[in-house]
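Asker: Quick one: this structure, given as structure tokens, is what I'll be asking you about.
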Amino acid sequence: MQYHGNLIKMSSKLDGKIVSYALTLGENEIDMTQLLDKTIKLTYQNKINCIKCGKETKKSFGQGFCYSCFITAPEADECVLRPERCKAHLGISRDMKWAEEHCLKPHIVYLAVSGGLKVGVTRLSQVPTRWIDQGAERAVRICEVPNRHIAGVIEKYLMNHFGDKTNWKKMVTNESLPEIDLLSEKQKTIGLLPNELKKYALSEDEKVFEFSYPVNEWPQNPGQHDFDKKVEINGKLTGIRGQYLFLDREKVLNVRRFSGYKIQLSSD
Ligand SMILES: [Zn+2]
């Protein structure tokens, strides 16, 4: 089979704790989980289209935007990476209509184990997708707040105690961590919050989300593929976690990093 289209992050489904993936390429939705153990080839066709406006761009900015969209689109605004700087609650945004649907909606602050313990924020409606995109093995909700700004303030506060980045190498190698008791971490975390933020804590909520990824063989010494340096990657699909494909175990491709890149995908 052969498919063509611009890369976009994979979509995921959760059945219990089992994660499965699909990749939309052009008109086709490809069931990636079904391709496990098959030999696949992805070839970059030297063309990038902006994921916002569709125009061709020589270079991708902020994982898939042309420069013009990168500096004007609300999806690429500062508050996406730095939620505490979100000003939508003050009526300030690149696009207030977008902000009403994205920034001014309930958000959660969470703790997740994804190659290490990290704190993060996401829109309530992005649960559990956000955690799967990060390749988290487990996650708990700490707070629920009315907008992105407050979530960011809490995250910033907690970053003095936790990291906020996923370590991709630890995540794709499934580095085993000392057993982290997420519920006790959660209670400790709530204890750290100043009083004015404690009112948002989900103290009674004891749900721990768990995720199991379609992986046959874990990478041990992974190397990240870069389409800007090498147009083709091929091999047996040995696993998928987060937005990473594992080929021949050690070659890993972060699909999201190459959003907008036109590629051909073939499988036997
Ligand atoms: Zn654009």
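The values are calculated or read from the model by the stated rules, or taken from the named source; none is laboratory data. Every value quoted in this text rests on a predicted model; they were computed, and no experiment measured them. Don't worry about glycine lacking a Cβ; one is built from the backbone with ideal geometry, like all the others, and counts go over all protein chains shown. What goes into the accessible areas is simple: the full protein's heavy atoms, side chains included, and nothing from ligands, DNA or RNA. Shrake-Rupley method; radii C 1.70, N 1.55, O 1.52, S 1.80 Å.
Asker: Between LYS156 and GLU101, what FRET efficiency comes out of the Förster formula 1/(1 + (r/R0)^6) with R0 = 22 Å and r the beta carbon distance, rounded to 0.05?
Answerer: Computed FRET efficiency for GLU101 and LYS156 comes out at 0.40.
Asker: Follow-up. Which angle from 0 to 90°, rounded to the nearest 10, does the C-alpha axis of helix 182-192 make with the longest principal axis of the chain?
Answerer: For 182-192 against the chain, the angle is about 50 degrees.
Asker: Apply the a/c threshold of 1.5 to the C-alpha gyration tensor of segment 1-151 and tell me whether it is rounded, prolate or oblate.
Answerer: oblate
Asker: Students sometimes get this wrong: rank HIS107, HIS102, HIS161 by accessible area, probe 1.4 Å, all chains present, largest first.
Answerer: Most to least solvent-accessible, the answer reads HIS161, HIS102, HIS107.
Asker: While we're looking at this one, here's another question. Just the accessible area for TYR213, please: 1.4 Å probe, Å², rounded to the nearest 10?
Answerer: Solvent-accessible area, nearest 10 Å²: 30 Å².
Asker: Roughly speaking, to the nearest percent, how much of segment 77-210's 1.4 Å accessible area is carbon and sulfur?
Answerer: Answer for segment 77-210: carbon and sulfur cover 48 percent of the accessible area.
Asker: Let me ask something additional. Select from MET171, MET32, MET159 the residue whose mean-square fluctuation is largest in a Gaussian network model of the chain (Cα-Cα springs shorter than 10 Å).
Answerer: With Cα springs under 10 Å in the chain, the top fluctuation among MET171, MET32, MET159 is at MET159.
Asker: Just the Cα atoms of the chain: what Rg and Dmax do they give in Å?
Answerer: That works out to 19.2, 59 Å for Rg and Dmax.
Asker: Note the full-extension length gain between ASN216 and THR39 as 0.36 nm times their separation in residues minus their Cα-Cα distance, in nm to one decimal.
Answerer: This chain segment gains 62.4 nm when fully extended.
Asker: Working out 0.36 nm times the residue gap between LEU81 and LYS198, then minus their Cα-Cα distance, what length gain in nm do you get to one decimal?
Answerer: Working it through step by step, the gained length comes to 39.8 nm.
Asker: Probe of 1.4 angstrom, ligands and nucleic acids ignored: what's the accessible area per residue over the chain, in square angstrom?
Answerer: Each residue of the chain exposes 50 Å² on average to a 1.4 Å probe.
Asker: Now for a different question. How about segment 148-244: which trypsin sites (Lys or Arg not before Pro) there lie in a loop by DSSP and see at most 13 other Cβ atoms within 10 Å?
Answerer: Within segment 148-244, the qualifying trypsin sites (Lys or Arg not before Pro) (loop, at most 13 other Cβ atoms within 10 Å) are LYS165, LYS199, LYS207, LYS229, LYS230.
Asker: Quick one: Karplus J couplings for segment 235-240, per residue in order, coefficients 6.51, -1.76, 1.60, θ = phi - 60°, nearest Hz, x for Gly and Pro?
Answerer: Those phi angles translate into x, 7, 6, 9, x, 9 Hz.
Asker: Under the Karplus relation 6.51 cos²θ - 1.76 cosθ + 1.60, θ = phi - 60°, what is the ordered set of whole-Hz ³J(HN,Hα) values for segment 252-268, x standing for Gly and Pro?
Answerer: 10, 10, 7, 4, 5, 4, 9, 3, x, 6, 7, 9, 10, 10, 10, 9, 8
Asker: Hey, another quick one. If each of GLU29 and LYS59 carries a label point 7 Å out from its Cα toward its Cβ, how far apart are those two points in nm?
Answerer: Here the modelled spin labels are 3.6 nm apart.
Asker: Would you mind working out the magnitude of the charge dipole of the chain relative to its Cα centre, with +1 at each Lys and Arg C-beta and -1 at each Asp and Glu C-beta, to the nearest 20 Debye?
Answerer: The dipole magnitude comes to about 760 debye.
Asker: In the chain, with Lys and Arg counted as +1 and Asp and Glu as -1 at Cβ, which of these residues, THR173, GLY163, TYR44, has the Cα nearest the positive end of the dipole, that is, farthest along it?
Answerer: So the residue we want is TYR44.
Asker: Taking θ as phi - 60°, what are the ³J(HN,Hα) couplings along segment 161-174 by the Karplus curve (6.51, -1.76, 1.60), each to the nearest whole Hz, with x for Gly and Pro?
Answerer: 10, 10, x, 10, 10, 7, 8, 4, 5, 5, 5, 6, 8, 6
Asker: How large is the helix-only mean residue ellipticity at 222 nm for the chain, computed as the sum of -39500 (n - 2.57) over DSSP H runs with n ≥ 4, divided by its residue count, in deg cm²/dmol to the nearest 500?
Answerer: Helix contribution divided over all residues of the chain: -5000 deg cm²/dmol.
Asker: For all pairs of alpha-carbon atoms in segment 77-210, what percent lies in each bin of width 5 Å, listed from the first bin to the last filled one?
Answerer: P(r) for segment 77-210, in whole percents per bin: 2, 11, 21, 23, 20, 13, 7, 2, 1.
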